[in-house]
Amino acid sequence: MTNANGSNGLKDLFAVASNRAFGQIILFLSTLYCTTFFDPAAFGALGLFMSVVALLVQFTSGRADAVALASKQPNTARRYIGISYRLNGLFFLLIATVCVFAILGGANPIWGLLPISILITSLVQYVLPAQITLLGHARKAARPVGIASCITGFVQVLTAFLWPTTTALILSRVTGNVVGATAVFRSLREGMGFARTHKLTRRNLRPVKREFMLGAPSATLTILGFQIPVYLLSFWGQPELVGYYWFGFNLLLTPYLVIAASFRPLFARQVIGKIKQGAASQFMLKSTGIAIVLGVVFSAGMTFLALSIIALFLPSTWAPAVLFTQAIALMLVGLIATTPLNAAATALRIQQQALWFNFAQLCLRTVALILTYWLTNDAILAVFVFAAVSLTLSLGYCALIMRSSLASQTRVVMP
């Protein structure tokens, strides 16, 4: 297991984030290059597909990997890693069945890639990093993601020359994740061994049930809260605007996601240690304060960099992405501010509060977006209002949770 030492934790975070960052840089440069081969609408379709994957992947492991990260005993952690593999297999069969019937009913065959994309994304983004971290190799936790990003970037450029279609863009994502998972075959085989050892009994599933019923919907609502423009702009028949939004989203949020995905398992273990010491509330207050400051600084810096990239390197057809990028920068500040609370939600047992907040903020964001568009018929202005409401709600959530939920948190309650 990871230790609770702050210095080592920071070193682990830096090592993991660096490994992820290298792959994401390759993927980003690849995407930047491919904007000359694909129009915004093609990236809009890719954004819609990947958004569906990001939503459904929150459920496929039952969030058992999050339970594992919040567990006190190594044997218990291994049990829930194994359960996450089992649940992923069951959800794969379920989603595959639904997609077969949907395609037979006339849906676009491209959705046939959805089941494998969800399964492999769950393993690469969540299960394998948690597993590797828990088994004492935190600095290697980013290897699957880093390799997946590099391969995706390479395949994406290849398809730009040979087969510049939306299907090819999606296939590049699937291919990258498959290679990323198999690149750590020893860990993959080890996790499958845990799955064979630990059955889906009622006793084993009891802690998972809470996380599945509260943590997974909460995480889904968080993601959906930032993806609402993708769905509504698609519904309003403006796929090119989806492409602009998706590109701005990736320019700003990809670096954040690199750090956050590395931060989550390491921070969760830090919180467990602080709860044992009775110092969770002070630790979370300090962490959230730092996150707010970092959110402002990071968002401002990334916005300047993103706007420079769009102006210097993208074709003129991508110029409207500037406006969407500025709007997304507002959301990024709030997202970074809530990162410590989201990472520690399972350990602190605040899933229910997080779920209700995410549901409320999703409704308010959606109303703001639809109402502004209905009144002005201006999609860009609607996205700006959506972003401002998102920032306000995120900061309000931080204040609410820190005031009402953490002061009495003094012990570990996970198995």
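The values are calculated or read from the model by the stated rules, or taken from the named source; none is laboratory data. All values derive from a computational prediction rather than experimental measurement. In this analysis, Cβ positions are derived from the backbone assuming ideal geometry, glycine residues included, and neighbour counts consider all displayed protein chains. Heavy atoms of the whole protein, side chains included, go into the accessibility calculation; ligands, DNA and RNA do not. Shrake-Rupley method; radii C 1.70, N 1.55, O 1.52, S 1.80 Å.
Under the convention that each Lys and Arg Cβ holds +1 and each Asp and Glu Cβ holds -1, the size of the dipole of segment 193-293 around its Cα centre is about 980 debye. Annotation: per residue accessible area for the chain equals 42 Å², rounded to a whole number [probe 1.4 Å, protein chains only].
Sorting the segments 217-227, 291-301 by their mean number of nearby beta carbons within 10 angstrom, highest to lowest, gives 217-227, 291-301. Each residue of segment 36-51 is assigned a 3J(HN,Hα), and the resulting list reads 7, 9, 10, 7, x, 5, 5, 5, x, 5, 4, x, 5, 4, 5, 5 Hz, derived from the Karplus form 6.51 cos²θ - 1.76 cosθ + 1.60 (θ = phi - 60°), x at Gly and Pro. Dividing the alpha-carbon radius of gyration of segment 310-396 by the rule-of-thumb value 2.2 N^0.38 Å gives 1.31. Straightening the chain between Leu305 and Leu395 buys 29.9 nm, computed as 0.36 nm per residue apart minus the Cα-Cα spacing. If the Kirkwood radius is taken over C-alpha pairs of segment 200-322, then at 25 °C and 0.890 mPa s the Stokes-Einstein diffusion coefficient equals 137 µm²/s.
Between Lys286 and Ala96, the simple spin-label model (points 7 angstrom out along Cα→Cβ) gives 4.9 nm.
Residues of segment 229-258 with an amide N closer than 17 Å to a point placed 7 Å from the Cα of Thr317 along the Cα-to-Cβ direction: 238-248. The radius of gyration of the Cα set in the chain, together with its Dmax, comes out at 20.5, 59 angstrom. Segment 339-360 and segment 50-68 have Cα centres separated by 15 Å. For the chain, adding -39500 (n - 2.57) for each run of n ≥ 4 DSSP H residues and dividing by the number of residues yields -27500 deg cm²/dmol at 222 nm. From the alpha carbon centroid of segment 105-133 to that of segment 364-389 is 31 Å. Evaluated over the chain, the count of Lys pairs having alpha-carbon atoms less than 30 Å apart is 22 (only pairs 8 or more residues apart or interchain). Take 315-324, 140-149 and order them by the average number of nearby Cβ atoms within 10 Å per residue, most first; the result is 140-149, 315-324.
Within segment 205-246, name every residue whose backbone N is under 18 Å away from a label modeled 7 Å from Cα of Leu381 along the Cβ vector. Taking a point 7 Å out along Cα→Cβ of Leu381, the residues of segment 205-246 whose backbone N falls under 18 Å are 233.
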